[in-house]
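Peer 1: One structure follows; several queries about it will come next.
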């Protein structure tokens with residue numbers, strides 16, 4: 001190869017490197033996210049705000065041409081497109097065809113980890129977990145205020161995040177909200193500031209206070225943290241979570257004692273919560289629910305809905321499965337069915353109506369329900385006469401026991417039953433197996449009837465936070481027999497050290513979906529390193545080796 005050929009080869013190689021790794025050298029004054037992945041959308045909008053340039057995002061394939069109607073054609077547009085999950089293919093060509101000054105497209109595997117490499121002068125960072133989006137939303141105003149990049153971390157990508165941090169002269173590192181254990185351990189060497197109260201609403205108040213320490217804002221944005229919207233990503237005002245239907249006490253109390261005067265509600269899905277805020281705290285609440293129409297539909301369309309990109313959030317749904325009056329035991333049995341994919345807490349108030357009287361009762365503390373499980377709450381010593389019994393029920397529920405932001409209510413006909421439950425169950429021991437990563441709770445059915453059993457372990461310290469864990473559904477235990485009931489949970493040595501004793505609760509009864517009896521106890525936690533199957537395999541291998549040695553010795557003796 002001649003010298004000129006070598007030169008051309010080097011030149012083309014450099015050009016190729018610029019194309020693949022230096023695409024953001026394009027001087028854009030507007031950025032658009034073209035991705036179905038919320039992490040790409042969030043990171044692109046954060047990048048635009050930190051760089052002081054306009055930003056937008058697609059919400060569907062049809063949204064592509066509509067969005068362009070709201071952007072000036074004099075803009076130079078950079079499109080950040082997901083390699084695997086784009087809404088529109090070759091979107092830059094569509095933009096150029098609409099007469100824009102210029103357009104360029106870059107493709108990313110992870111905008112969160114790739115765009116930060118263009119922020120070479122950024123030395124402040126915030127790390128949140130990427131399981132749900134609300135923590136990322138909560139820190140956005142503070143991130144923009146402090147010129148911080150927000151990493152969306154998990155146990156898979158933390159090694160790359162750690163590598164990026166190692167190459168920066170870190171000024172401030174904030175770890176916000178619940179984090180995978182591997183993430184926390186990887187970041188410890190950077191001595192981060194940590195905000196994690198085990199309650200996302202308390203964390204929210206704390207990050208708002210950090211924002212207000214620098215900029216004593218009198219206005220906040222109100223959201224439930226379940227979507228990205230353009231104004232939310234501008235970061236000009238701190239964001240307070242309203243809750244979905246009921247305003248959590250932490251938020252209401254904070255608004256009452258703070259100097260915040262105005263709340264701007266983003267979207268019209270939270271009108272009920274915003275109304276509760278105005279009534280309970282006295283601040284003025286305005287609603288941003290629409291924007292000017294960009295696409296003509298049938299007739300005259302003056303406005304259209306906001307561009308909202310919905311984030312992954314836990315599914316919280318609760319049904320009242322049945323309400324019964326048990327005459328044999330003089331108690332009301334209310335059975336809830338969780339249709340959530342995360343544990344929830346429930347606290348109900350009930351007014352029972354009969355021919356003669358109304359009786360009010362309720363729960364003094366929130367009650368834990370595992371995902372997709374049933375839980376029966378019993379109200380004893382109730383005397384009701386006549387037919388046509390009814391119950392008015394009002395229930396608050398949520399992810400955290402002291403932040404119940406959802407509610408259901410209704411009037412229900414009470415079925416009348418005559419049932420004596422003969423089940424008698426006790427817990428004998430609690431073990432944790434390191435290899436299986438499971439708790440094993442041994443229960444004994446002391447009665448002669450088969451019993452269904454649900455197990456909960458309360459106040460278990462996991463990753464430094466006390467939690468309740470339990471079985472997802474009840475387990476059948478035969479009359480007079482013992483059964484080991486499993487609860488899956490990853491625990492490291494520090495967790496096991498913090499839980500040398502555990503509080504265990506068994507809910508049990510003859511009816512699978514109506515467990516009306518309870519056994520409680522505190523037990524020493526026994527830790528096993530290997531499962532019974534592994535021990536059996538080891539013993540078999542030892543036996544094979546011993547037999548092999550015996551046969552070899554006999555053969556050798558015969559040869560002599």
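The values are calculated or read from the model by the stated rules, or taken from the named source; none is laboratory data. Since the model is a prediction, treat every value here as computed from it, not as a measurement. Cβ: placed from backbone, ideal geometry, glycine included. Neighbour counts: every protein chain shown.
Peer 1: With the checklist (1) in contact with a strand residue (DSSP E or B) (Cβ under 9 Å, 6 or more places away or on another chain); (2) at pLDDT below 90 in hand, flag the one item residue 335 doesn't pass.
Peer 2: Result: residue 335 fails condition (2) only.
Peer 1: For segment 198-222, give me each residue that is in a loop (DSSP other than H, G, I, E, B) and under 15 Å from residue 281 (Cβ atoms).
Peer 2: 218
Peer 1: Would you mind listing the strands (runs of 3 or more DSSP E) fully within segment 344-394 where at least 1 residues are closer than 14 Å to residue 404 by Cα and touching a residue at least 60 places away in the same chain (Cβ under 8 Å)?
Peer 2: Passing ranges, in order: 367-369.
Peer 1: For segment 385-395, give me each residue that is surrounded by 19 or more Cβ atoms within 10 Å (Cβ to Cβ) and either farther than 19 Å from residue 243 by Cβ or at pLDDT below 95 (or both).
Peer 2: 389, 391, 393
Peer 1: Please enumerate the residues belonging to segment 47-68 that are free of Cβ contacts under 8 Å to residues at least 12 places away in the same chain and more than 14 Å from residue 31 (Cβ to Cβ).
Peer 2: Of everything in segment 47-68, just one residue is free of Cβ contacts under 8 Å to residues at least 12 places away in the same chain and more than 14 Å from residue 31 (Cβ to Cβ), namely 62.
Peer 1: On to the next question. If you scan segment 227-254, which residues turn out to be out of contact with any strand residue (DSSP E or B) (no Cβ under 7 Å at 6 or more places or on another chain) and free of Cβ contacts under 8 Å to residues at least 40 places away in the same chain?
Peer 2: 252, 253
Peer 1: On to the next question. Looking at this structure, is residue 434 within 18 Å of residue 502 (Cβ to Cβ) and outside the structural domain of residue 224 (by TED's automatic domain parsing)?
Peer 2: Yes, satisfied.
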